[in-house]
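So the structure is just underneath, and the comments pick up after that.
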Amino acid sequence: MTATRGLILAAPASAGGKTTLTLALLRHLRDAGVGVASCKSGPDYIDPAFHAAAGGRPCRNLDGWAMRPETLAALAWTAGDDAELVIAEGVMGLFDGTAGGAGSTADLAQSTGWPVVLVVDVKGQATSAAATVHGFNSFRPGLTLAGVIFNRVGGDKHERMLRQACAPLGVPVLGAVRRHADLALPDRHLGLVQAAEHPDLEAFLARAAAIIAREVDVPALTALARPLALPRPDTRHRPGPPPPGQRVAVARDVAFAFGYPWLLESWQASGADILPFSPLADEAPAAAADSVYLPGGYPELHAGRLAGSARFLDGLRAAAGAGKPVFGECGGYMVLGQGMVDAEGARHAMAGLLGLECSFAHRRLHLGYRQVQMAADGPLGRAGTRCRGHEFHFATILGANAAQPLFFCQDAEGTGLPPAGEIRGPVAGSFIHLIDRHLIGRA
């Protein structure tokens with residue numbers, strides 16, 4: 001089977017407009033009848049949900065640092081199944097990753113063989129933009145730019161100056177997108193406001209698609225795509241950690257939206273049944289479930305409502321009391337704890353199954369890749385099992401009271417970190433979003 005052609009939209013830095021242009025391109029191609037799929041580089045939940053809305057297909061995360069090579073290959077291949085074209089969105093700046101650069105969008109481009117189109121925000125500069133293009137085109141031997149799109153262009157004269165400055169570089173200018181105030185997406189402390197909460201997403205996508213069709217040479221852009229260079233892995237490979245049970249009740253609503261679709265699909269491929277429920281609708285985990293998974297999200301924005309959801313909280317306690325594995329990541333971990341203080345300083349009692357007490361009244365950023373080793377047998381593996389994941393939250397930990405930590409931790413460079421999370425009987429949780437296993441069994 002021939003690999004689907006793909007390309008990557010990258011940028012010199014974050015907040016340059018690559019997400020908006022990716023969404024515009026996906027929606028335009030979908031409306032034009034092209035079978036288009038998408039990927040997102042790095043650990044991200046919010047942008048992929050927008051991708052899915054724009055393109056009509058689930059988005060695949062591709063993480064060159066946190067994923068095993070066979071996991072990366074499996075997700076890249078399945079992203080293109082039944083698609084004509086894959087559009088991948090980079091993360092941060094093109095060469096940004098860990099301290100040594102591992103896991104960058106540039107790494108992803110070189111491993112997949114997909115060419116890079118650089119989105120450059122040119123507000124406040126003209127000829128100097130050519131120096132940016134030249135630097136990114138020559139910085140890493142073996143990685144050249146297939147093209148450039150200028151974003152936030154001031155007008156026709158500005159566009160002419162940009163094109164003239166870049167003409168000697170040999171990098172095709174594929175478009176010059178003007179400054180459009182109505183293309184701004186609202187954001188909050190973890191990134192964009194979620195796609196499911198956008199007040200008029202369809203109208204936004206229609207405007208964006210019309211703009212990119214008018215201001216970008218889309219046929220020239222898509223003609224740059226190349227087949228995936230990664231070998232197709234064994235179909236028996238299962239990405240991510242294993243399912244915590246045979247019938248997994250999974251919290252799914254705007255408060256618990258940070259679950260990777262590909263992970264749930266992997267669990268289903270392993271034979272697990274996924275039983276979704278909505279804590280915000282005060283639904284309890286299904287009685288037929290033999291395990292419960294609470295992914296991350298924004299429970300802090302709904303703390304009062306969750307604290308008053310008696311069926312939901314009692315259902316968690318009942319599952320734990322029956323010895324069923326209950327696992328919470330980040331926001332899910334917070335809900336399994338004793339209480340949560342919201343941004344206004346009000347405390348809300350949570351499930352009380354773990355010792356965590358956290359607050360958003362005084363926010364503190366925790367961000368970075370994590371290498372973890374399970375400190376005890378738990379819902380997602382035996383003691384000694386090693387995984388890689390990512391931590392990104394603003395909760396201040398007021399107290400944890402963890403008699404038994406869930407993970408021993410290091411950062412991406414191998415520097416030791418304090419133990420993370422907690423496990424009490426069948427209940428476990430941590431702020432770390434697990435992405436993939438790297439050693440199965442006891443170390």
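Tell me which residues, restricted to region 381-391, are surrounded by 17 or more Cβ atoms within 10 Å (Cβ to Cβ) and either on the phi > 0 side of the Ramachandran plot or modelled with pLDDT under 90 (or both).
Residue satisfying the conditions is Gly381 alone.
Test each condition in (1) under 24 Å from the mean Cα position of the chain (by Cα); (2) crowded, with 21+ Cβ neighbours inside 10 Å; (3) of a type in the set (Val, Ile, Thr); (4) farther than 21 Å from Leu23 by Cβ for Thr98 and report the one that comes out false.
(2)
Report every pair of residues separated by at least 6 positions or lying on different chains whose Cβ atoms are under 8 Å apart, first residue within region 234-255 and closer than 22 Å to Gly296 by Cβ, second β-branched (Val, Ile, Thr) and surrounded by fewer than 23 Cβ atoms within 10 Å (Cβ to Cβ).
Sorted first by the residue in region 234-255, then by its partner, the pairs are Val248/Ile274; Val250/Ile274.
Limited to region 16-52, what total is found for residues that are closer than 19 Å to Leu263 by Cα and among the aliphatic types (A, V, I, L, M)?
4
With a cut-off of at least 2 residues that are surrounded by fewer than 20 Cβ atoms within 10 Å (Cβ to Cβ), name the helices (runs of 4 or more DSSP H) lying wholly within region 291-376.
Passing ranges, in order: 303-307, 310-321.
Quick check: is even one residue across region 122-135 within 15 Å of the chain's Cα centre (by Cα) and either at pLDDT 95 or above or under 29 Å from Leu162 (Cβ atoms) (or both)?
No, region 122-135 has no match at all.
Conditions (1) more than 26 Å from Glu391 (Cβ to Cβ); (2) surrounded by fewer than 20 Cβ atoms within 10 Å (Cβ to Cβ); (3) outside the structural domain of Arg163 (by TED's automatic domain parsing); (4) among the hydrophobic types (A, V, I, L, M, F, W, C), marked per residue:
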site	(1), (2), (3), (4)
Asp217	yes, yes, no, no
Ala220	yes, yes, no, yes
Thr235	yes, yes, yes, no
Gly240	no, no, yes, no
Ala255	no, no, yes, yes
Gln268	yes, yes, yes, no
Leu275	yes, yes, yes, yes
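If we keep just the residues of region 398-427 that are surrounded by 15 or more Cβ atoms within 10 Å (Cβ to Cβ) and β-branched (Val, Ile, Thr), which is farthest from Gly332 (Cα to Cα)?
Here the residue is Ile423.
Test Ala165 against the criterion of being farther than 22 Å from Thr19 by Cα, among the aliphatic types (A, V, I, L, M) and in contact with a helix residue (DSSP H, G or I) (Cβ under 8 Å, 6 or more places away or on another chain), and give yes or no.
For Ala165, the condition - farther than 22 Å from Thr19 by Cα, among the aliphatic types (A, V, I, L, M) and in contact with a helix residue (DSSP H, G or I) (Cβ under 8 Å, 6 or more places away or on another chain) - is met.
Confirm whether Asp82 is assigned by TED's automatic domain parsing to the domain that holds Gly124 and either in contact (Cβ under 8 Å) with a residue 60 or more places away in the chain or over 30 Å from Ile432 (Cβ atoms) (or both).
Spelling it out, Asp82 is indeed assigned by TED's automatic domain parsing to the domain that holds Gly124 and either in contact (Cβ under 8 Å) with a residue 60 or more places away in the chain or over 30 Å from Ile432 (Cβ atoms) (or both).
Would you mind finding the one in Ala13, Ala53, Ala66 that is assigned by TED's automatic domain parsing to the domain that holds Pro115, over 25 Å from Arg152 (Cα atoms) and of a type in the set (A, V, I, L, M)?
The unique qualifying residue is Ala66.
Consider region 409-429. How many of its residues are in contact (Cβ under 8 Å) with a residue 40 or more places away in the chain and either closer than 9 Å to Arg370 by Cβ or in a loop (DSSP other than H, G, I, E, B) (or both)?
10
Can you pull out every residue in region 1-20 that is outside any strand (DSSP E or B), out of contact with any Leu (no Cβ under 6 Å at 6 or more places or on another chain) and hydrophobic (A, V, I, L, M, F, W, C)?
Residues satisfying the conditions are Met1, Ala11, Ala13, Ala15.
Scan region 107-126 and tell me whether some residue there is among the small types (Gly, Ala, Ser), part of a loop (DSSP other than H, G, I, E, B) and closer than 30 Å to Asp411 by Cα.
Yes, region 107-126 has at least one match.
Quick check on region 389-408: of everything there that is in a strand (DSSP E or B) and over 21 Å from the mean Cα position of the chain (by Cα), which residue is nearest to Gly352 (Cα to Cα)?
Residue satisfying both the conditions and the ranking: Gly399.
Specify which of the listed residues (Leu118, Leu174, Leu145, Leu183) is within 30 Å of Pro43 (Cβ to Cβ) and free of Cβ contacts under 8 Å to residues at least 40 places away in the same chain.
It is Leu145.
Give all pairs with beta carbons closer than 6 Å in which a residue from region 346-359 that is free of Cβ contacts under 8 Å to residues at least 24 places away in the same chain meets a residue that is β-branched (Val, Ile, Thr); count only pairs at least 6 apart in sequence or on separate chains.
The qualifying pairs are Arg347/Val341.
Condition check ((1) at pLDDT below 95; (2) under 21 Å from Pro219 (Cα atoms)) across all residues:
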residue: Lys157; (1), (2): no, no
residue: Met161; (1), (2): no, no
residue: Pro172; (1), (2): no, yes
residue: Gly175; (1), (2): no, yes
residue: His180; (1), (2): yes, no
residue: Pro186; (1), (2): yes, no
residue: His189; (1), (2): yes, no
residue: Gln194; (1), (2): yes, no
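The values are calculated or read from the model by the stated rules, or taken from the named source; none is laboratory data. What you see is a predicted model; the values in this text were computed from it and never measured. We place every Cβ from the backbone using ideal geometry, glycine too, and count neighbours over all the protein chains shown.
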